[in-house]
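Notes to accompany the following structure.
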Amino acid sequence: MTTATSGLSDQHEDKPKRRWWRGTRRRQLLGAALAAVTLASVTTFVVGGDSQEAAAAAAGPTPPPQTNTLCDVDFPARDGDGHGLPSELDWTDTALVPVDLYTIAPAPGQPGAYTETGPFSGDLTYSVVLDNTGDPFDPNISNHPSFHDMKGHSPVVVSGRATVTGDPAGPEMTIELPRGCRYVISIRAHGTDGTAYDATGGVVRIEDAAYWTTGGRTPADEDLTTRIGMYPDDQLPLAQVVVQAFHDYAQTNLQFDIGEPGLEGFDVILEDGGERTVDYWGNPICTNYVLDPVTGWPTFDPVTGEPVIDAADPGGNCLTGPDGVVTIKYIPAGLYSIIVVPPDNTDWIQTTTIEGTHAIDVWIIEGDQGLGGEFIGDANAATFQAVGFVSATEKPNLGQPGVQYHYPYAPDPNGGDIVGCLYNGQMFPPAVTFPQNGIENADGTVEPVTNGYVALNDVGVHDTLMALVPTDANGCFRFEDVPQGSYMLAAFDYELLYIMGFYNVTVDATTVQPGTPTAPDTGFVNGVVDMGDQFLLRWFGWASGHVFYDNGIARNGTPIDDPATPGPDTKDGSASAAGNGVRDCIGQNDPGFDYDTVDPSLCEAGIPNWPVNIRNRDGAVVKTTVTDANGYYEVATIWTPLFQWQVVEVDAGALDVTGLSVHDAFDRNKVHSQAQCPPGVATLLEVGGTAIDENCLPAELGGGLLAASIYQANLNNVIDFGKVSYLDPAAPNGFLTGGTGNGGIQGAVMASVTRAEWAGSQQAAEDNEPGIPNVKINIYELDPACTLVDPVTGATGADNPDCYTLPGPDQDPDTPGVQNWVRTDEWQGPGLSRNGQTCTVPMRDGSPYKAVNPTWGPLGDECTGSWILGPHTKDGAFDGGFAFGDLPAGHYVIEVEMPPGWQIVKEDDINIDEGNSYVPAVPPAGCAGEYHYAQVPEVYASPYDAFDAAGNYNGAPPVRLCDRRLVNVKPFRNAGVDIFAMPTGTDTTYTTNAIDNAGNLITNPVEPAAVAPDQVWTSPEAVPLPGRMYGLVLNDLVMTANTNSFNFGEQAGVANIPIGIYDFTGQLITTVWTDENGNYEVLLPSGYSINRASPRGDAPKMYRVVINDPGPDPANPNWGYDPAYITNPNILDIWPGTFTKADTPVLSLGANGSRCSLPTATPQFFLASDVYGTSGTLPTDYVLTGLNFTDAATGNPAQVTLTPVTASGVLDEANAVVVDPAHVSVVQQVSPLDGISVYDELHIDLAAVEADVVAATGAGLEGP
């Protein structure tokens, strides 16, 4: 057993709801069919109307023991610097956390099941981070998931190495941690035989010591044991994904319907950060192999060890078959996207989406069969990944016998035309304020859907597609000479940005006569049914704006400031159009001016090809684009992270920053800008507590390059970024205005996950890598008296990094003394108490909703991310960024002081030689730290590796560490440098192997045989950061009218629901609960699958997230488990250091959330294999799916009775038939949904039952 101590020093996009209604509809049909089948042990139950809270309380004995206020998620600033470092935790009051480590393997003879195989023995590294997620049980409501300012980063508290020997009595190790906090433990391990293990980790909560002396509790009651299972890394089960292309014609309605045929010959592309072209073994995806007839697994060549490809049918093309289905096998678990491409020279148009795009995201866990995480068992669909298409032209039967098409329809001169127009509908929360027509923007303008389609479905005759027409440039459509009848119109757009709209219309013979007066939107006028203006809502919000030259001159050369006009000519009232951060236009204050349609030549010129990013608060990039020829950018789909803030970033480039401005969501012609800020706004931001005018858009946090935005589905956030040359009179830092003529040094400290570059100086950030906040960065100037000579290059003076020893320019003139350092940014959400920024909870007309409902006053004051808040843009910055401004041109060295638990990435730390790898367009700043000889794993042919396979020096020169960077600040430029770090032990240091104690270069180094215990972690030891999941549980069948709810006007949030989180083997990692608004937040160990053949390179850790989880013991369900709702298992992804949005709805079972509480052993019906049957042709294997179909005492199948139903619907008990037990059997199955839950299949030979009845009575089974 090993005891690990701290070793600390004094340093430190909604997801749309998925197709639940398919399963709901099937469940309702089956309910009617099962009414006549009863089991002997069924008891009577009553559907009641208990409140959710009462049902939750009844579902378990007591709520989880969470009564104390946990350690402040911002860390109380005990040392006074306010930065909240882990050293500020109270290490005088600690507890020892026992950790049981055990190995897992497949259960013999039980496919898909796993079992413990014993305690773990071997070497491991571990990391413990603070769990600073929202807690729904915290007495302080501001710490609940809905209300608290969610963090982007969880700091490392303690990490280290350990060698453990398997102890059957356990625990294998203990970790000392401060009390009163929650923690997440992550592990990387290698067994004594060298086997690498995929370890999940554990979540632990340590109460204050005082907690165990109150409420009848004693210290002996405390059990902090954390169990962590490990699976051999080289034996993780591969997975597959099943995709179906189908003809969405019966009806065209965004989903698969019974009888819709598959489409053959459609190409399926699998994306994983780019197109994935190979399977696990490096062969083209969809390769066919020679299979073992017993295991069904590919056979392997005994010499090469490679799988044997089927020479007769090698495959390698992922084309759908006659049923429209293709299965992509032998791929690792992960988050993928599929794109289904129709054959060339066809006019198929995709109709289905769950993401608002053509790509369909697919989450698969280890061993996944690929039917979809929410596949409900619809026997008519091959997979949840069913992608629909329609065509405007007539189709043959496509090889599907019995399929009949009825389009295009035959024009009928006695019919009528159907016309209408589609517009983008903007919906401002609360939804109850949405107008009846729903088409106008708040400023009265409309935006047509120009790339739309409208499908004409007949109703009640064939229930199929009759015609498909596109919209024109005005968003309008027309069907001519439509036969009389009832129809349903389905409207969508080619890009699938909009939610499909459905409209009922009737072509009625009584209203076809010309000149018949009718209401224009409901009937005929001169033989035309005018549908009028109909709106479509976009799946998500979107961002747009301009990056422009803020010089006060229109693109046509005309100055915008007109000296002949009294007063300012600017939009925001600033004195000049030059340098005010607003894209000003000629005539912008004239009546009728329209920002959306103005001629670009009348406005300040746009800057083309300028990068714009959307980042999470943790710094990870989620979307990226560049401006067009007019400087316009648009991110058409921003997957709103459940109404949480994100950061918009414009690249610094080689221009000075004048500021940014935001167009009002209710009136595009109104702007909010920095010019409207009062004097001293920087101080207000720093202190907080004093409200800043909402017309003011500060730039202190984001420096005019960053803005915090919260997006609302179907609404547009418009942000403009101003820039000028450093030689322009309007340049704030230009020579002509007394500045230094450059942008100084800007950069970020990033947590490196994928390390693909040979040289440490060439490291580049991957999109999914987060920033690290609160890291101290020092700046040094050249010592002109330095006479040192670089021991490797011979460089002296400014070219020798060792000569930079003098403190650089003061970075905080408001602080007495020289402060030659900065800390990297930490996300700080807008809010009155944090930085003085407030948000208006708006009505559609822009007036504050708190005037109607005072409850929303505090919500808006703190800018709490929620549906009701609506779209906003404020000042903000993501984790990890830093800047040194006001620097005279010249060379500088910046130095990073990584806190304990972190080390700078070296050449030694490469962990993948596949995936995206780029060379920066601008040479990066050179590394300037101490010299070292790189020790690179032999699997990589690195040019920097200084040792051969035997450990002998090969002559490669040493390279400098990258904890110091030599940066050249040039005139009229912005110098950029990013620094990359990876985890290590909190008690480890890096000892150079290139410089001896006298400071001389070692010329004949020796590679050590083993890593020293106090040496920084190697790449195989680096424990990945845990990832954060922020989720929302809504009842998809109930809208809330509760004006105090975050979801007012939307689906109702479900409070106090338990959420169990499991790995692929069925281990329960942790359970969390939703808060009063249905939100939840959890921190989970992430994965470290890096070296895989995919464009992205790395992969997430996949979990089963079970909503309304009863827990492992159905007889004693989790507190809060509510049988009034379904249990919804989801497969979701966790990435190192960043966060995942989880839109995880449930359905209430019964009207208005009615519930039934059944005794534990009560049989329950879920599904029937058939709904209807005919006497004489009854099946020999009729299957009922459910629970508790065996007698608990004997283990035999329960007695089955078939009871006829009379014509009036009454059970005919007198003629009930008791089924012979010989015709009944029960088989227990593991649910394909979550791989954990078990259910019963009751098999009945109805044909044999009918034969018995015929033999006894002379009559068969007739009637219901």
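The values are calculated or read from the model by the stated rules, or taken from the named source; none is laboratory data. Quantities reported herein were computed from a predicted structural model and do not represent experimental measurements. Every residue, glycine among them, receives a Cβ derived from its backbone with ideal geometry; neighbour counts consider all protein chains shown.
A count restricted to the stretch 958-982 and to residues that are in a loop (DSSP other than H, G, I, E, B) and either among the basic types (Lys, Arg) or surrounded by 14 or more Cβ atoms within 10 Å (Cβ to Cβ) (or both) stands at 8.
Only one of the numbered conditions (1) surrounded by 16 or more Cβ atoms within 10 Å (Cβ to Cβ); (2) more than 35 Å from the chain's Cα centre (by Cα); (3) charged (D, E, K, R) is not met by Asp248, and that is (2). Scanning the stretch 638-678 for residues that are assigned to a strand (DSSP E or B), modelled with pLDDT of 90 or more and under 20 Å from Gly619 (Cβ atoms) yields Gln646, Val647, Val648, Glu649, Val650, Val657, Leu660. Taking (1) crowded, with 16+ Cβ neighbours inside 10 Å; (2) modelled with pLDDT under 85 in turn, Asn397 satisfies each apart from (1).
Of the candidates Asp584, Asp533, Asp590, the single residue that is over 30 Å from Ile418 (Cα atoms), surrounded by fewer than 23 Cβ atoms within 10 Å (Cβ to Cβ) and either among the charged types (D, E, K, R) or out of contact with any Gly (no Cβ under 8 Å at 6 or more places or on another chain) (or both) is Asp590. Of the residues making up the stretch 646-676, those that are within 14 Å of Lys723 (Cα to Cα) and out of contact with any strand residue (DSSP E or B) (no Cβ under 7 Å at 6 or more places or on another chain) are Gly653, Ala654. Within the stretch 711-726, the set of residues being over 18 Å from Asp572 (Cα atoms), modelled with pLDDT of 90 or more and aliphatic (A, V, I, L, M) comprises just one member, Val724. Being among the basic types (Lys, Arg), touching a Cys at 6+ places or on another chain (Cβ under 9 Å) and closer than 30 Å to Leu537 by Cα holds for only one residue in Arg668, Arg583, Arg617, and it is Arg583. Only residues that are part of a loop (DSSP other than H, G, I, E, B) and either surrounded by 17 or more Cβ atoms within 10 Å (Cβ to Cβ) or in contact with a Gly (Cβ under 6 Å, 6 or more places away or on another chain) (or both) were counted across the stretch 300-321, and they come to 2.
Return a yes/no flag: does the stretch 597-619 have any residue that is touching a strand residue (DSSP E or B) at 6+ places or on another chain (Cβ under 8 Å), hydroxyl-bearing (Ser, Thr, Tyr) and assigned to a strand (DSSP E or B). No, every residue in the stretch 597-619 fails to be touching a strand residue (DSSP E or B) at 6+ places or on another chain (Cβ under 8 Å), hydroxyl-bearing (Ser, Thr, Tyr) and assigned to a strand (DSSP E or B). When restricted to residues that are part of a loop (DSSP other than H, G, I, E, B) and of a type in the set (A, V, I, L, M, F, W, C), the stretch 679-721 contains 8.
If you scan the stretch 531-587, which residues turn out to be in a strand (DSSP E or B), among the polar types (S, T, N, Q) and within 26 Å of Asp651 (Cα to Cα)? Scanning the stretch 531-587 gives Ser544, Asn551. Comparison of Asp131, Asp123 shows that the only residue that is among the acidic types (Asp, Glu), modelled with pLDDT of 90 or more and buried (at least 23 other Cβ atoms within 10 Å of the Cβ) is Asp131.
Each row is one residue, and each column tells you yes or no for (1) over 18 Å from Thr840 (Cβ atoms); (2) surrounded by fewer than 22 Cβ atoms within 10 Å (Cβ to Cβ); (3) within 35 Å of the chain's Cα centre (by Cα); (4) not β-branched (Val, Ile, Thr).
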{"position": "Asp667", "(1), (2), (3), (4)": "no, yes, yes, yes"}
{"position": "Leu685", "(1), (2), (3), (4)": "yes, no, yes, yes"}
{"position": "Gly703", "(1), (2), (3), (4)": "yes, yes, yes, yes"}
{"position": "Gln712", "(1), (2), (3), (4)": "no, no, yes, yes"}
{"position": "Asp720", "(1), (2), (3), (4)": "yes, no, yes, yes"}
{"position": "Lys723", "(1), (2), (3), (4)": "yes, no, yes, yes"}
{"position": "Asn742", "(1), (2), (3), (4)": "yes, no, no, yes"}
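Taking the stretch 100-174 as the region of interest, the strands (runs of 3 or more DSSP E) fully inside it that hold 2 or more residues being touching a His at 6+ places or on another chain (Cβ under 8 Å) are 122-130.
Checked against the criterion of being surrounded by fewer than 21 Cβ atoms within 10 Å (Cβ to Cβ), modelled with pLDDT under 75, in contact with a helix residue (DSSP H, G or I) (Cβ under 6 Å, 6 or more places away or on another chain) and part of a strand (DSSP E or B), the stretch 1185-1205 contains one or more residues that satisfy it. Out of all the residues in the stretch 579-593, is one or more among the aromatic types (Phe, Trp, Tyr) and closer than 27 Å to Pro678 by Cα? No, there is no match, as no residue in the stretch 579-593 is among the aromatic types (Phe, Trp, Tyr) and closer than 27 Å to Pro678 by Cα. If the condition is being assigned to a loop (DSSP other than H, G, I, E, B), crowded, with 19+ Cβ neighbours inside 10 Å and modelled with pLDDT of 90 or more, then the stretch 751-794 contributes Ser752, Glu769, Pro770, Ile772, Pro773, Asn774, Val775. Looking only at the stretch 677-700, residues that are of a type outside the set (A, V, I, L, M, F, W, C) and closer than 17 Å to Phe721 by Cβ come to 2 in all. If I filter the stretch 257-277 for residues that are in contact with a His (Cβ under 7 Å, 6 or more places away or on another chain) and either acidic (Asp, Glu) or at pLDDT below 85 (or both), do I get at least one hit? Yes: one or more hits. Within the stretch 686-709, the presence of at least one residue that is within 30 Å of Phe535 (Cα to Cα) and at pLDDT 90 or above is confirmed. Can you find a residue that is more than 28 Å from the chain's Cα centre (by Cα) and either in a strand (DSSP E or B) or in the same structural domain as Ala467 (by TED's automatic domain parsing) (or both) anywhere in the stretch 197-212? The answer is yes, given that some residue of the stretch 197-212 is more than 28 Å from the chain's Cα centre (by Cα) and either in a strand (DSSP E or B) or in the same structural domain as Ala467 (by TED's automatic domain parsing) (or both).
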